[in-house]
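The values are calculated or read from the model by the stated rules, or taken from the named source; none is laboratory data. Only a predicted model underlies this, so the values are computations on that prediction, with no experimental measurement involved. Because the Cβ atoms are built from the backbone with ideal geometry, glycine has one as well, and the counts that use them run over all protein chains shown. In case anyone asks, the SASA skips ligands and DNA or RNA and just uses the protein heavy atoms, side chains included. Shrake-Rupley method; radii C 1.70, N 1.55, O 1.52, S 1.80 Å.
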Amino acid sequence: MRGIFLDEMKKLNLRYITMGINVNEQIYLATKSYIEHDKQLAKEVIAGDEKINDEEVQLEKDSLQLMALKQPMASDFRMIISALKSSSDLERIGDHAASIAVETIRVKGNERVPKIEKLIAEMTDLVRNMMEKVLDAYAKDDIEIAKSAAKIDLEIDIKFVEARKEIIAEMAKETEVAVANASYLTVIRLLERIGDHIVNLAEWVVYRNTNKLVELNPGKLDRDVAEKVVDGEKLDQDEMKLVKEAEACAQPDENL
Amino acid sequence: MKSIIKTENLRLYYGKKEALHGISLEIPEKQITALIGPSGCGKSTFLRSLNRMNDLIDNVTITGTVKINDHDIYAPKTDIVKLRQDVGMVFQQPNPFSFSIYENVSFGLKLAGITDKEEIDARVEESLKQAAIWEVVKDRLNDNAQGLSGGQQQRICIARVLATRPEVILMDEPTSALDPISASQIEETMIKLSQDYTIVTVTHNMQQASRISDMTALFVAGKVVEYDETSTIFMNPKEQVTSDYINGIFG
């Protein structure tokens, strides 16, 4: 009986990982379409979101059925709950990616600001790096990887504040790029939100392996630190530690 | 899905007391169908009527039909020995005969008139393998089967049924006398067997029904209240009574 149940759990895990990889691809393609002004690709991303939504529904169905029929306990129970809860975050990340693709279509033809688009590309790299790490943590049941993935969120927040300030400065001097700038603000906000959802994914990896419900996103502290870093203000010891850790964690992993 | 067992308006009386009030069910082949319900609801009586085990009880009257592969098993001239080879039964208490493992498993074959030693050997091995006990007993086939543990004895009983290559296996609370590990192993064996055999099982253990069965029928007071796919019965039953029963409100 155990063997048969484990097969079903493996299938559920595989479904989760597959959905995660697909969502990560959506983020990549959405931002690629945005930076390269590729309307056709943007349309494909928007269409692709349907598939992500279907995957979420299937994952939910599988999880609910396992819970209702197989009486999972302890680690099995946590595994199903974390897959179920994570699938909502993944689905929402997919929605945000689709929204970035919508921005591509909306802004196409308007004048752009390459400097800011470069920042958006960098932010995207951080988001994807974070996403890959969290999926790796899930697949390996490794809470250390999960925690280090969550720390990257501060780097994303710093990049967000930096980009926001640049955008506002551009807005003040150039009215011709107003449409693009408004869109940039939307896109960086979406990327920043994706980072927060990935932190949630990391929290579920921790729950799954330890039965502890943790908060890996320091919330306001993160935002305050990000503002200070961008403004060049002096950081206290704890804040400095957070920034150093985030930088270290954001180093790309060659094995991924 | 092809159904292999069809009962129509099956009524069974113990003396004047009506125990089954007209059961009409179609049981699909190569699936596990679980019969659940409170004590005395008629689920075991129904199970036993599928290979005429109730014939052994005095004062039983049966009306309606039970067809297996379109053959009415209550028709006159039904060969009961053949019927019970095609529709085997495993009971709550493991009940191997007090002789060797080999003789236990080959018993039904001898009853069926098979005398070829090689064929009997092959069938004994095949059945013990299907019952997932071959590795444990292959070097002591001549030991008394009653010397095995409860879970192992139950596997011998399953092998004994399999030896005659039945189409249907009836199981009456097959794991309720076993420890949780043995019970879980038997459940796994049942799932594997359902690829080749039709299994109808009675269980008091609703979790077991939800874990292993494809179809579930809820019996209450000699009637089938609801019969549907197991996932429907346990996740979205149509009848309030079913919901109440599986939530432990009665029974």
What distance in nm separates the simple spin-label points at A:Ile4 and A:Gln40, each placed 7 Å from Cα in the Cβ direction?
5.0 nm
Summarise the accessible area of the protein assembly as shown (1.4 Å probe, protein heavy atoms) by the percent that is carbon and sulfur.
50 percent
Once you charge only the Cβ atoms, +1 for Lys and Arg and -1 for Asp and Glu, what is the size of the charge dipole of segment B:3-246 about its Cα centre, to the nearest 20 debye?
520 debye
Among A:Thr186, A:Thr175, A:Thr104, which one moves the most in a GNM of chain A with springs linking Cα atoms closer than 10 Å?
A:Thr175
Could I have the simple spin-label model distance between B:Tyr74 and A:Asp125, label points 7 Å from Cα toward Cβ, reported in nm to one decimal?
8.0 nm
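May I ask you to derive the FRET efficiency for B:Lys82 and B:Asn236 from their Cβ-Cβ distance with R0 = 35 Å, giving the value to the nearest 0.05? Please report the intermediate quantities before stating the final value.
Working: r = 41 Å, r/R0 = 1.17.
About 0.30, to the nearest 0.05.
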What is the antiparallel percent of DSSP beta bridges lying wholly in chain B, to the nearest 5?
60 percent
Considering every residue in A:65-72, what mean count of other chain Cβ atoms within 10 Å of its Cβ is obtained?
4
Helix axis angle, B:101-111 relative to chain B longest principal axis, alpha carbon, degrees
70 degrees
Taking only C-alpha pairs under 8 Å that are 6+ residues apart, what is the relative contact order of chain B in percent?
27 percent
Please give the total accessible area that chains A and B bury against each other, computed with a 1.4 Å probe and expressed in Å² to the nearest 100.
900 Å²
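Can you tell me the length gained on complete extension of the stretch B:Ser243 to B:Ser98, counting 0.36 nm per residue apart and subtracting the Cα distance?
On the way: separation 145, 0.36 × 145 = 52.20 nm, distance 4.39 nm.
That works out to 47.8 nm of additional length.
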From the Cα centre of segment B:155-205 to that of segment A:109-157, the distance in Å is 52 Å
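Please go through segment A:30-128 and write out the trypsin sites (Lys or Arg not before Pro) that DSSP classes as loop and that have at most 16 other C-beta atoms within 10 Å. Mind showing how you got there, number by number?
Details: sites: A:Lys32, A:Lys39, A:Lys43, A:Lys51, A:Lys61, A:Lys70, A:Arg78, A:Lys85, A:Arg92, A:Arg106, A:Lys108, A:Arg112, A:Lys115, A:Lys118, A:Arg128; in loops: A:Lys108, A:Arg112.
Sites meeting the loop and neighbour criteria: A:Lys108.
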If each of A:Ala248 and B:Thr63 carries a label point 7 Å out from its Cα toward its Cβ, how far apart are those two points in nm?
8.5 nm
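Hey, got the average number of other protein chain Cβ atoms within 10 angstrom for residues in B:209-217?
Details: counts 1, 5, 6, 4, 1, 0, 0, 0, 0.
Per residue, the average neighbour count from other chains is 2.
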Relative to the longest principal Cα axis of chain A, at what angle does helix A:114-140 sit, 0 to 90 degrees, rounded to 10?
10 degrees
Taking each residue in B:184-196, count the Cβ atoms of any other chain within 10 Å of its Cβ, then average. What number comes out?
2
How many angstrom lie between the C-alpha centres of segment A:1-65 and segment B:20-42?
41 Å
Helix axis angle, A:237-249 relative to chain A longest principal axis, alpha carbon, degrees
70 degrees
State log₁₀ I(q)/I(0) for chain A at q = 0.11, 0.13, 0.15, 0.17 Å⁻¹ as given by the Debye formula over alpha-carbon point scatterers of equal weight, solvent excluded.
-0.62, -0.83, -1.04, -1.24
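How many percent of DSSP beta bridges within the protein assembly as shown run antiparallel, rounded to 5? Each step should come with its number before you reach the end.
Details: 26 of 43 bridges.
The answer is about 60 percent antiparallel.
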Say we join alpha carbon atoms closer than 10 Å with springs in a Gaussian network model of chain B; which of B:Asn142, B:Asn104, B:Asn54 then has the biggest fluctuation?
B:Asn142
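As an exercise, use a Förster radius of 35 Å and the Cβ-Cβ distance of A:Glu233 and A:Ile21 to find the FRET efficiency, rounded to the nearest 0.05.
On the way: r = 39 Å, r/R0 = 1.12.
FRET efficiency, A:Glu233 to A:Ile21: 0.35.
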At each listed q (0.28 Å⁻¹), what is the log10 of I(q)/I(0) that the Debye formula gives for segment A:8-68 modelled as equal alpha-carbon point scatterers?
-1.08
In debye to the nearest 20, how big a dipole does the protein assembly as shown give about its Cα centre with +1 on each Lys and Arg Cβ and -1 on each Asp and Glu Cβ?
1740 debye
For chain A, set up a GNM with springs between Cα atoms under 10 Å and report which of A:Ile93, A:Ile81, A:Ile156 has the largest fluctuation.
A:Ile81
Residues of chain A: accessible area per residue at 1.4 Å, in Å²?
47 Å²
What residue among B:Met190, B:Gly88, B:Met215 has its Cα farthest toward the positive end of the dipole of chain B, where the charges are +1 on Lys, Arg and -1 on Asp, Glu, each on the Cβ?
B:Gly88
I'd like the FRET efficiency for B:Thr115 and B:Gln207, computed as 1/(1 + (r/R0)^6) with the beta carbon distance as r and R0 of 60 Å, rounded to 0.05.
0.85
In Å and on Cα atoms, what radius of gyration and Dmax does segment B:1-157 show?
17.8, 52
Sorted list, accessible surface of protein heavy atoms, 1.4 Å probe, largest first, for B:Met190, A:Met240, B:Met215 is A:Met240, B:Met215, B:Met190
